[in-house]
Amino acid sequence: MRYAIIENETFALQNLQRMISAVRPQYELCFTAESVEESVAFFSSSPQLDLVFMDIELTDTNCFSIFEQVKMEIPIIFTTAYDDFALQAFKVNSVDYLLKPISEEELLKAIVKFEQHRRHDVAGYGPLAELFRPKPKRERILVSLGDNYLHVKLDDVAYFVRDDKYVCVVLTNGKRYITDFQNLGEVSNIVPSQQFFLISRNVITHIQAITKVSKWFTGRLNVHISAGEEDLAVVVSSARRKDFLDWYGGK
């Protein structure tokens, strides 16, 4: 299996290569790059690759500029320190979205997922890209309450928040529960994009929970979210401003 690593941090690249060699010694590393410019030049040559491991933030800009300049059908496992771009990642040939620091166990699960989809494709189950599309959106999720589990409807959710080592869900009545999600990237992949938006690294909000959107300093936005008697203020970065306003306005 031939693969490439697109990563702008030398240590992260070496560590990822080491882990791949440990779990799949038969895999062959064919190319590495740290910038969009290098990557575009390489992928424009239609290389014979089976898989790409790709960081989001590269030396010149983020990796999504690559897909604007060259057509890529090679499956991708994203490796990043940010969960802000999960939705954007799943619009391309994403197999998985791993948050740094990546464990060997997480890496192996992502590789197994890739291999399973690849076997289906070879067996004639349709284009590989079709198999990498996100699963159908859910209507409810599982939450923890002490030693018990219960489900809550997504229609009753005000927002999701990453709190220390947990991802919590806060309902419109203000009740808060711990979920089984490992990160907000997983949440982004199962909630309807018309109703939910990742407005910061720590918060995904339902559109109906937003009570006020104000202009803020240096092109940012100040967004107020209501859940019961709680009013949460979240600053949307200038980089996310356009995407948020497009979503909020229904573009």
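The values are calculated or read from the model by the stated rules, or taken from the named source; none is laboratory data. Given the structure is predicted, the values throughout are model-derived calculations rather than measurements. Virtual Cβ from ideal backbone geometry, glycine too; neighbours counted across all protein chains shown. When the accessible area is computed, the model is the full protein with side chains, heavy atoms only, and any ligands, DNA or RNA have been set aside. Shrake-Rupley method; radii C 1.70, N 1.55, O 1.52, S 1.80 Å.
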Hey, any hits in the stretch 24-44 for a residue that's touching a residue at least 60 places away in the same chain (Cβ under 8 Å) and more than 22 Å from the chain's Cα centre (by Cα)? yes
Provide a single number: the residues in the stretch 77-100 that are touching a Pro at 6+ places or on another chain (Cβ under 7 Å) and open to solvent by 10 Å² or more (accessible area, probe 1.4 Å). 2
Given the criteria of a type outside the set (A, V, I, L, M, F, W, C), out of contact with any Ser or Thr (no Cβ under 7 Å at 6 or more places or on another chain), closer than 22 Å to Cys30 by Cα and at pLDDT 90 or above, does Asp55 qualify? no
Look at Asp246 and say whether it is open to solvent by 70 Å² or more (accessible area, probe 1.4 Å), free of Cβ contacts under 8 Å to residues at least 24 places away in the same chain and among the acidic types (Asp, Glu). no
Listed by range, helices (runs of 4 or more DSSP H) wholly within the stretch 1-76 having at least 3 residues that are open to solvent by 50 Å² or more (accessible area, probe 1.4 Å) and either among the hydrophobic types (A, V, I, L, M, F, W, C) or on the phi < 0 side of the Ramachandran plot (or both) are 10-23, 36-43
Here is a list: Asn202, Asn173, Asn148, Asn189. Which entry is of a type outside the set (A, V, I, L, M) and touching a strand residue (DSSP E or B) at 6+ places or on another chain (Cβ under 6 Å)? Asn202
Checked Leu171, Leu184 against criteria (open to solvent by less than 40 Å² (accessible area, probe 1.4 Å), in contact (Cβ under 8 Å) with a residue 60 or more places away in the chain and out of contact with any Cys (no Cβ under 8 Å at 6 or more places or on another chain)); the one match is Leu184
Is it true that Val203 is within 18 Å of the chain's Cα centre (by Cα), of a type in the set (A, V, I, L, M), modelled with pLDDT of 90 or more and crowded, with 19+ Cβ neighbours inside 10 Å? yes
Among the listed residues Leu131, Leu142, identify the single one that is touching a Phe, Trp or Tyr at 6+ places or on another chain (Cβ under 8 Å), farther than 19 Å from Thr79 by Cβ and at pLDDT 80 or above. Leu142
